[in-house]
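These notes concern the structure reproduced below.
Derivation of every value follows stated rules applied to the coordinates shown; laboratory data play no part. Note that the structure is a prediction, hence the values are computed from the model and not measured. Because the Cβ atoms are built from the backbone with ideal geometry, glycine has one as well, and the counts that use them run over all protein chains shown.
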Amino acid sequence: MEYNKIVENIIDSVRPLQGQGKQADYIPALANVNPDQMGICIETIGGAAYTYEKADTRFSIQSISKVFALAMAFSIEGEGLWERMGREPSGTAFNSLVQLEIEQGKPRNPFINAGAIVMTDILCERLKDPEGFFLQFVRNMSGSNTINYNHAVAESEREQGYLNAAIINLLKYHGNIKGDIERVLRFYFLMCSVEMSCRELAHAFLPFADHTKPFDYTDVYLTRSQVKRINAIMQTCGFYDEAGDFSYLVGLPGKSGVGGGIAAVFPSLYSVAVWSPRLNAKGNSVIGMKMLELLTTATQQSIF
Ligand code: DON
């Protein structure tokens, strides 16, 4: 596949979209990022990486961290994880409270904030040093030992984190948080604050595409069936109330974050990460979504 030619065309096609959408500013520290940047990295199963534009610039991965949290929590709890959350698409915003009240504190899925906060609680309960373990896991998956938390971003989000505070209080009321809510929230915000580049994200997601090697990183072991199931959840729940559109337009399992990043996988072929900070109304990167739509259209390869 001529990824070079394809991606050069994609970049020319999305340039006119620059200026559309708005970067996340509900986390004050994220409002300082120059919004008119983009990057893309494709890594194939063979290990070849194709990088373009700002593929080596690190950005806040935000909700993409929920995939790493799921890998850890699923590896620890196995099928027992589903006693505390569902695996159905929510059709609502990532930080919505509506269903959580109706469904009595059982989050719809691991990728909405409520589900991720329950996973954070599990990691706090089961691990001695969850912050250290999480970071080491992400570093090992990406092959990059300099990846870190951005404490200023985490703190900035904590100061404004009223909705997440409401979510964890509702969860706690219904008995679905075992630990101290302040402690769990602090770790949740820290996970969101991890900074990675498109190249590092694509590399970290490759094991979700590559079923030929065992998934075994820093004591996080997943069976092939579990990896396949994480991909299924990315496909159905990775984009909140835009999961249907992402499936329709791009057709890959993936996960977005309000930092403007999206990581996705084409099982048995490649992983891809894109980044551009301006978001659409659903909180997903305008240019990032378009780059992926054009990629899967131009390659004419489909998982369906
Ligand atoms: O909980 C929050 O609001 C953020 N730290 C993460 C949100 C996010 O990235 C949602 N995804 N698109």
Packing rank of 26-32, 166-172, where each peptide gets the mean count of other beta carbons within 10 Å, highest leading | 166-172, 26-32
What are the trypsin sites (Lys or Arg not before Pro) within the range 174-264 that DSSP puts in a loop, where the Cβ has at most 15 other Cβ atoms within 10 Å?
-> 178
What base-10 log of the normalised intensity I(q)/I(0) is obtained for the range 114-171 from the Debye formula, alpha carbons as equal point scatterers, at q = 0.13, 0.15, 0.18, 0.21 Å⁻¹?
-> -0.44, -0.58, -0.81, -1.00
Taking a ≥ b ≥ c as the square roots of the eigenvalues of the Cα gyration tensor, with a/c under 1.5 meaning rounded and otherwise prolate when a/b exceeds b/c and oblate if not, the range 23-85 is oblate
The chain, relative contact order in percent, only Cα pairs under 8 angstrom and at least six apart counted | 29
Within 10 Å, count the other beta carbons around each residue, average over each peptide in 278-284, 13-19, 61-67, and list them highest first.
-> 61-67, 278-284, 13-19
For the cross-link pairs 22/172; 66/106; 22/228; 228/282; 54/228, which exceed 28 Å when the distance is taken from alpha carbon to alpha carbon?
-> 22/172; 22/228; 54/228
Under the Cβ-under-4.7 Å rule, which cysteines of the chain stay unpaired?
-> 124, 192, 237
Decide, for the chain, between rounded, prolate and oblate: order the square roots of the alpha carbon gyration tensor eigenvalues as a ≥ b ≥ c, take rounded if a/c falls under 1.5, and otherwise choose prolate if a/b is larger than b/c, else oblate.
-> prolate
Computed [θ] at 222 nm, deg cm²/dmol, the chain (DSSP H ≥ 4; -39,500 (n - 2.57); rounded to nearest 500) | -14000 deg cm²/dmol
